[in-house]
1. Compute the whole-percent fraction of alpha carbon pairs in chain B spaced more than 21 Å apart.
2. Does a label point 7 Å from the Cα of A:Ser54, set along Cα-to-beta-carbon, have any residues of the stretch B:68-108 with amide nitrogen under 14 Å, and which are they?
3. Return the subset of A:Lys41/B:Lys114; A:Lys20/B:Lys57; A:Lys41/A:Lys66; A:Lys64/B:Lys68; A:Lys55/B:Lys57; A:Lys55/B:Lys71 for which the Cα-Cα distance in this structure is over 28 Å, preserving the input order.
4. HN-Hα J couplings of the stretch B:63-76 from phi, Karplus 6.51/-1.76/1.60, θ = phi - 60°, integer Hz, Gly and Pro as x?
5. Which whole-Hz couplings ³J(HN,Hα) result when phi for each residue of the stretch A:40-55 is put into the Karplus expression 6.51 cos²θ - 1.76 cosθ + 1.60, θ = phi - 60°, listed in order with x for Gly and Pro?
6. Only residues of the stretch B:39-81 count here: report those whose backbone N is under 14 Å from the spot 7 Å along Cα→Cβ of B:Lys15, or say none.
7. Which far-off residues, 5 or more places away or on another chain, put their amide H under 5 Å from the one on B:Ile50, with H placed in the peptide plane?
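Derivation of every value follows stated rules applied to the coordinates shown; laboratory data play no part. Here the structure is a predicted model, which is why all the values come from computation and not from measurement. Don't worry about glycine lacking a Cβ; one is built from the backbone with ideal geometry, like all the others, and counts go over all protein chains shown.
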Amino acid sequence: GAVVSQHPSWVICKSGTSVKIECRSLDFQATTMFWYRQFPKQSLMLMATSNEGSKATYEQGVEKDKFLINHASLTLSTLTVTSAHPEDSSFYICSARDLLAGEQFFGPGTRLTVL
Amino acid sequence: QQQVKQSPQSLIVQKGGIPIINCAYENTAFDYFPWYQQFPGKGPALLIAIRPDVSEKKEGRFTISFNKSAKQFSLHIMDSQPGDSATYFCAASIREVPDTGKLIFGQGTTLQVKP
């Protein structure tokens, strides 16, 4: 149990294009999902907290117009990187908080490379 | 202070040894302390977690020791194996209103277990 999936697992895109990453909790409901960014050999940097049916809460310094988050249901959240640039290349990881257990489970991550 | 300080940054042990990773915090409002294991190119996986009302918790070969007065907690890996070689993150969260379960992560410890 407690499986979180992400799609795609890796994506390469051209500068200026937009990329959508999906995060799904497969066997539990999650009122809250989180989006992180991780650079090589560094810790996880929280980008935003996503609540089902409401606007995401972004961390300081994260551009909400560039990183669009939608939490459409209790099992799905999406992150769209708009007008991607090479500096947006990173490992993006989502997590979902189990509504009942309260624990947070992570997806496998999405490697984004912007050329 | 919304920080969790983790040490050491890296650790090398022989197979069968007991690596110990330490974390310290300042905010006494933290009430949930999980540990995550991350392999290269993968998302973090929840290993074990503890709340401040207990001083120790064991799950398999993993043990958390918690010292509330010192505001410190640590992860011990018994009979470590080469397959335990990974990056370990401690984290902490505060029960807020609304309670999102937002985690504050330590800097990470890269563990290498030599055969």
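1. Within chain B, distances greater than 21 Å cover 33 percent of Cα pairs.
2. Hits in the stretch B:68-108 for A:Ser54 at 14 Å: B:96-102.
3. In this structure, A:Lys20/B:Lys57; A:Lys64/B:Lys68; A:Lys55/B:Lys57; A:Lys55/B:Lys71 exceed 28 Å between Cα atoms.
4. 10, 9, 10, 10, 10, 5, 5, 8, 6, 9, 8, 9, 10, 10
5. x, 6, 10, 6, 7, 10, 5, 9, 6, 10, 10, 10, 4, x, 9, 6
6. B:79-81
7. Amide H neighbours of B:Ile50: B:Phe33.
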